[in-house]
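Right, one structure below, let's go through it.
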Amino acid sequence: MNNAKNAMKNLSNKHILVGVTGGIAAYKSVELVRRLREHGAEVQVVMTEGAKAFVTPLTFQAVSGQPVHGDLLDPTAEAGMGHIELARWADLVVVVPASANFMARFAHGMADDLLTTLCLATTARVVLAPAMNQQMWQHSATQSNAALLQQRGVTLWGPASGSQACGEVGPGRLLEVPDLLEHIANSFNTGLLAGIKMLITAGPTIEAIDPVRYFTNRSSGKMGYALAQAAAEAGAIVTLISGPTHLTPPAVHHFVAVTSALDMHQAVLDALPGQDIYVGAAAVADYRCENIAPHKLKKSDKDISLTLVRNPDIIAEVAKHSPHIYTVGFAAQTEDLDAQAKAKLVAKGLDMIAANVVGEGKGFQVDHNTLSVYWQGGQHTLPTMAKYPLACQLIQLIARNYETKR
Ligand code: PMT
């Protein structure tokens, strides 16, 4: 019971796209959407034409708090949440109920409505909860469509067996809403890093000039927080050390708020013993003021200069003094991404580096990112997507390479 309660925390702030197809069980997805939102998930609903014969879009609009999507070629939707945007927005696509017709069209790659199109376009996990007459479910056409979809990585939850709305008895019932809810919550637990201790830094640092002035950078903490969330869901025991951000920290084992690079350096040293993996997603200031003025600097007619001194390179120090810890750095570059990232991997003695382009609306602050990941003898590019699914994919890469090294 406690496990189920804990798993529900996974739903907080998740982007869940609920697809609804034409079937009597469509009314149950109204309750599912309501319960997902109660647990803190953001939900967008996409309805097929068939679904609208069973439940009105207005009902889903009311429970999801968002306009309902239905038309592939709706010019107004394209300007807002078009199919590609929806496909990128989703952390999980769950089709409840999935009719035999929908499964057939999806299995054959037919992008002939909004729901099938975005199921093909998304990099998020796609799950179907089938519901249909038991003969239709057992028909060899449906069975081979189900098998084909599963071979391609689509997950099926259900159907359950029992009495059906049509009066027949057999397999084809939609799973009950509490079961679907639990499956969705658990789907974010991968167990890839079960019991591994991971220290993650996130956000900017703030370097004081005087009691009222400081310098900082544009990091929002989104990338580091998404990684902390993904790592915790993968079973890691996460310590998150964060510079100042406006974000609510994810549910991690230990959270430490810091301000300056020196604070972050000390917090990392304090938390380091016993860690297995260190991920430096923070944008740490390379320099600080040599002297922080004790009083507000007064304006005069003369120009002034600040002397900046080097801050410790935290991740390089971790890599040098704790070689048993698997170190993953980030490289934030405005140009020459690959060469600079590879150079940092070697110069800082890291096991892995994730490089991103920053500036001009990229990397910092925004919700999406793209990563080129390098390690000794390997490279992998993670395409543009929202920071949470991107973090999940990076965690998979880290887990795989960490295991190999170990
Ligand atoms: O927070 P967001 O708005 O979501 O933006 C995400 C991000 C762009 C900040 C993130 O993806 C990112 O790139 N973080 C690292 C930023 C950075 O400082 O890059 P760098 O190339 O300057 O540093 C390389 C590595 O050394 C990083 O792992 C950094 O944490 C580490 N470092 C740098 C300086 C220092 N004094 N100590 C360090 O440990």
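The values are calculated or read from the model by the stated rules, or taken from the named source; none is laboratory data. Computed from a predicted structure; not experimentally measured. Glycine also receives a Cβ, built like all others from the backbone with ideal geometry; neighbour counts cover every protein chain displayed. SASA here: full protein model, heavy atoms, side chains in, ligands and nucleic acids out. Shrake-Rupley method; radii C 1.70, N 1.55, O 1.52, S 1.80 Å.
Computed quantities for the displayed model
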| quantity | calculated |
| --- | --- |
| Tally of residues being more than 16 Å from the ligand (Cβ to nearest atom), touching a residue at least 40 places away in the same chain (Cβ under 8 Å) and outside any loop (DSSP other than H, G, I, E, B) across segment 179-207 | 9 |
| Wholly within segment 80-144, helices (runs of 4 or more DSSP H) carrying at least 2 residues that are of a type in the set (Phe, Trp, Tyr) | 100-107 |
| Leading residue by the ranking (nearest to Ala202 (Cα to Cα)) among those in segment 374-400 that are hydroxyl-bearing (Ser, Thr, Tyr) and over 16 Å from the mean Cα position of the chain (by Cα) | Tyr374 |
| Every residue from segment 374-383 that is open to solvent by 80 Å² or more (accessible area, probe 1.4 Å) and either within 12 Å of the ligand (Cβ to nearest atom) or at positive phi (or both) | Gly377 |
| Some residue of segment 62-81 being surrounded by fewer than 15 Cβ atoms within 10 Å (Cβ to Cβ) and under 17 Å from the mean Cα position of the chain (by Cα) | no |
| So Thr190, is it at pLDDT below 95, closer than 19 Å to Leu397 by Cβ and open to solvent by 20 Å² or more (accessible area, probe 1.4 Å) | yes |
| Condition broken by Pro273, with the remaining ones in (1) open to solvent by 20 Å² or more (accessible area, probe 1.4 Å); (2) farther than 23 Å from Gly349 by Cα satisfied | (2) |
| Among residues of segment 329-340, those that are more than 8 Å from the ligand (Cβ to nearest atom) and under 21 Å from Ile398 (Cβ atoms), counted | 2 |
| Subset tally (residues that are away from the ligand (no atom under 13 Å from the Cβ), charged (D, E, K, R) and in a loop (DSSP other than H, G, I, E, B)) for segment 270-292 | 2 |
| Restricting segment 234-269 to residues that are assigned to a loop (DSSP other than H, G, I, E, B) and more than 20 Å from Lys222 (Cβ to Cβ), the residue that is most open to solvent (accessible area, probe 1.4 Å) | His253 |
| Residue in segment 210-233 that is in contact with a helix residue (DSSP H, G or I) (Cβ under 9 Å, 6 or more places away or on another chain), of a type in the set (Asp, Glu) and closer than 20 Å to Tyr388 by Cα present | yes |
| Members of segment 276-291 found to be open to solvent by 100 Å² or more (accessible area, probe 1.4 Å) and in contact (Cβ under 8 Å) with a residue 40 or more places away in the chain, listed by number | Tyr287 |
| Wholly enclosed strands (runs of 3 or more DSSP E) of segment 293-373 bearing at least 3 residues surrounded by 11 or more Cβ atoms within 10 Å (Cβ to Cβ) and under 24 Å from the mean Cα position of the chain (by Cα) | 326-333, 352-357 |
| Candidates Tyr214, Tyr225, filtered to the one that is at pLDDT 95 or above, under 15 Å from Val284 (Cβ atoms) and among the aromatic types (Phe, Trp, Tyr) | Tyr214 |
| Residue check for Lys5: under 30 Å from Ala236 (Cβ atoms) and over 16 Å from the mean Cα position of the chain (by Cα) | yes |
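Residues are listed down the side, and each one gets a yes or a no for (1) open to solvent by less than 20 Å² (accessible area, probe 1.4 Å); (2) at pLDDT below 90; (3) of a type outside the set (S, T, N, Q); (4) not in a helix (DSSP H, G or I):
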site: Lys5; (1), (2), (3), (4): no, yes, yes, no
site: Asn13; (1), (2), (3), (4): no, yes, no, yes
site: Ile16; (1), (2), (3), (4): yes, no, yes, yes
site: Gly23; (1), (2), (3), (4): yes, no, yes, yes
site: Tyr27; (1), (2), (3), (4): no, no, yes, no
site: Leu32; (1), (2), (3), (4): yes, no, yes, no
site: Arg37; (1), (2), (3), (4): no, no, yes, no
site: Gly40; (1), (2), (3), (4): no, no, yes, yes
